[in-house]
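Below: the structure, in structure tokens.
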Amino acid sequence: MSKEYDYEEDFWKNERKELRKDRRIAQKTDRSKYKKTNQAASKVPRPVAGDTKQGRVISISGEGILVHFSGKNYSCSLKGALKKDRSRKKNLLVVGDFVDFLPLNETEGQIVQVQERSSLLERIDISGRKRQLLAANIDTVFITGSVVLPPLKPFLIDRYVIAAKKGNMEPVVLINKIDLLSSSPEEAAVFEEFLSAYKNLTIIPVSCKTGKGIDTVQSLMKKKTSVFSGQSGVGKSSLINKILGLNLPIGEIVYKGKHTTTKAHLIPIGATGFCIDTPGIRSFGLWDLSKQDVLARFSEIRELGLSCKFQNCLHVQEPGCAVKQALEEKTLSPLIYESYTKLLEECDQGRYYT
Ligand code: GDP
Ligand code: ZN
């Protein structure tokens, strides 16, 4: 039997070699380090009105930066002064950035200004300790799980919810493979319990097989930039293909499946929406999990904890714990408690990709 992976990142470990190669190419093509810094670099003059357009960076590769504007893609260079702007740390430009660019002809342009970001999706880089910027200006994270194969894992969903909120993105939970519930009464019961315990989240039951819930997801994607994250095997690729294949027209970039690239790129959906799907993004933000993050996520536990004997009670094995008592009295969902303790363990074990 094949190994089950909780984190997409584990699944993609083999892709690391390829990512390393990408990084080498990126370093080779980045000539900015050889140039002297210019004090005026961060003061890029405002472009003349009418000359520039506001586009969106949809991919960045050794071959160039693709900027999407009005249904067309422009291969862009960076204006000299922008390249030297070191204040933006390592990644000057990220997929998803809104930029002012000057179209030079039908297919080429020059980026003159990068606009401020509303959200930033990061992950840890290959070396294991450095943050890497993945994509900017993401509105929605579709946190995807499945009811069976693999089974529902509330702690993973909570994990992604914490990361989404920290990154200023809206979490929406999709629970896929709902069609399989009819033959799995045990899983159906867990799912019902999950729905009632996690009422404060937006949860959409979906099935790629029957098409259930797909239209709801599509309507949430309109005019937004979305990413799909979640454990390997839950059906993210199937979902995206189903969504893109139905009635949302896609732009010039055709989604070819998960094995084509490890780099992030934006897939234009209709006139105004975008979606990103790449392995790195699927398991974003799995680092820096602190006990405070975990406590902040579980308001029920926090409130119950006010009545614990010890103020600093972590509700694991302390005496006089109101949380454990609520669990025994069945006023606290065991799913929530289990998720809480699993995430606390992750903090202790330092299991995060930093
Ligand atoms: P990913 O790793 O999250 O991208 O998952 P995939 O899209 O590769 O799907 C994993 C497996 O689940 C594939 O064999 C799919 O055919 C299957 N699958 C996806 N969605 C559904 C669904 O709604 N119902 C059922 N029964 N199987 C599904
Ligand atoms: Zn307690």
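Data overview
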quantity	calculated
Whichever residue in the range 149-173 is within 12 Å of Gln231 (Cα to Cα) and hydrophobic (A, V, I, L, M, F, W, C) and, among such residues, is surrounded by the fewest Cβ atoms within 10 Å (Cβ to Cβ)	Leu149
So Thr202, is it of a type in the set (Ser, Thr, Tyr) and closer than 25 Å to Leu266 by Cα	yes
Answer residue from the range 186-207, given it is outside any strand (DSSP E or B) and within 16 Å of ligand 1 (Cβ to nearest atom) and is farthest from Gln292 (Cα to Cα) among those	Ser207
Residues within the range 214-260 that are modelled with pLDDT under 80, part of a helix (DSSP H, G or I) and surrounded by 16 or more Cβ atoms within 10 Å (Cβ to Cβ), tallied	1
Scope the range 303-331; condition more than 8 Å from ligand 2 (Cβ to nearest atom) and surrounded by 15 or more Cβ atoms within 10 Å (Cβ to Cβ); matching residues	Gln325, Ala326, Leu327
Strands (runs of 3 or more DSSP E) lying entirely in the range 56-174 (those with 2 or more residues that are among the polar types (S, T, N, Q) and at pLDDT 85 or above)	72-78, 108-114, 140-146
Residue count, the range 307-330 (criterion: outside any helix (DSSP H, G or I) and within 33 Å of the chain's Cα centre (by Cα))	5
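Residue-wise test of (1) open to solvent by 40 Å² or more (accessible area, probe 1.4 Å); (2) out of contact with any His (no Cβ under 7 Å at 6 or more places or on another chain); (3) of a type in the set (Val, Ile, Thr); (4) in contact (Cβ under 8 Å) with a residue 12 or more places away in the chain.
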{"position": "Ser146", "(1), (2), (3), (4)": "no, yes, no, yes"}
{"position": "Ile175", "(1), (2), (3), (4)": "no, yes, yes, yes"}
{"position": "Pro185", "(1), (2), (3), (4)": "yes, yes, no, no"}
{"position": "Ala189", "(1), (2), (3), (4)": "yes, yes, no, no"}
{"position": "Val206", "(1), (2), (3), (4)": "no, yes, yes, yes"}
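The values are calculated or read from the model by the stated rules, or taken from the named source; none is laboratory data. The structure displayed is predicted, hence computed values, not measured ones. Because the Cβ atoms are built from the backbone with ideal geometry, glycine has one as well, and the counts that use them run over all protein chains shown. The accessibility values were calculated without ligands, DNA or RNA, using every heavy atom of the protein model including side chains. Shrake-Rupley method; radii C 1.70, N 1.55, O 1.52, S 1.80 Å.
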